[in-house]
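A short worksheet on the structure shown next.
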Amino acid sequence: MIASQLFNQQQGNLINEIYGVVTTGTDWKFLKLCDNTIFIDKNDYFIKEIDKILGILTTTLMACPQF
């Protein structure tokens, strides 16, 4: 996420929020980098909660202006 932030800054892309996800395939954790602050979702999501995982991913993508 930090590498993406640096790349975007070097390219002149003004992107305030960068979203990330860490997964083992069965356990999921969502993050957001906003300026110099990282926000980590305290909840762990498990593959049996696929509806929640897909909801988070969909909501995040829909918030992006290029989609």
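The values are calculated or read from the model by the stated rules, or taken from the named source; none is laboratory data. No experiment lies behind these values; they were computed from the predicted model shown. Backbone-built Cβ (ideal geometry, glycine too); neighbour counts: all protein chains shown. Areas reflect the complete protein model, heavy atoms only, side chains present, ligands, DNA and RNA absent. Shrake-Rupley method; radii C 1.70, N 1.55, O 1.52, S 1.80 Å.
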Fully extended contour minus Cα-Cα distance, from residue 34 to residue 64, at 0.36 nm per residue: 9.4 nm
Whole-Hz couplings from phi, Karplus 6.51/-1.76/1.60, listed for region 43-59; x for Gly and Pro: 7, 9, 10, 10, 4, 5, 9, 4, 5, 5, 4, 5, x, 5, 4, 5, 4
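Write down the accessible area per residue of the chain in Å², having rolled a 1.4 Å probe over the full set of protein chains. It would help to have the intermediate numbers written out before the result.
Working: 5270 Å² over 67 residues.
Accessible area per residue, the chain: 79 Å².
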Length-normalised contact order of the chain in % [C-alpha pairs under 8 Å, at least 6 apart]: 21
Which label in [x] 4.9; [y] 4.1; [z] 5.3 gives the computed mean projected area of the Cα convex hull in nm²: [x]
Residue 22 versus residue 2: modelled label distance in nm, points set 7 Å from Cα along the beta carbon direction: 1.3
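So, with a 1.4 angstrom probe, what is the percent of accessible area on the chain that is carbon and sulfur? List each step's numbers first, then the result.
On the way: 3150 of 5270 Å².
Carbon and sulfur together cover 60 percent of it.
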Candidate aspartates and glutamates - alpha carbon under 17 Å from residue 32, same-chain residues fewer than 8 apart omitted: 17, 41, 44
Nearby aspartates and glutamates by direct alpha-carbon distance to residue 48 (threshold 20 angstrom, same-chain neighbours under 8 apart not counted): 27
Rounded to the nearest 20 debye, dipole of the chain from Cβ charges on Lys, Arg, Asp, Glu: 20
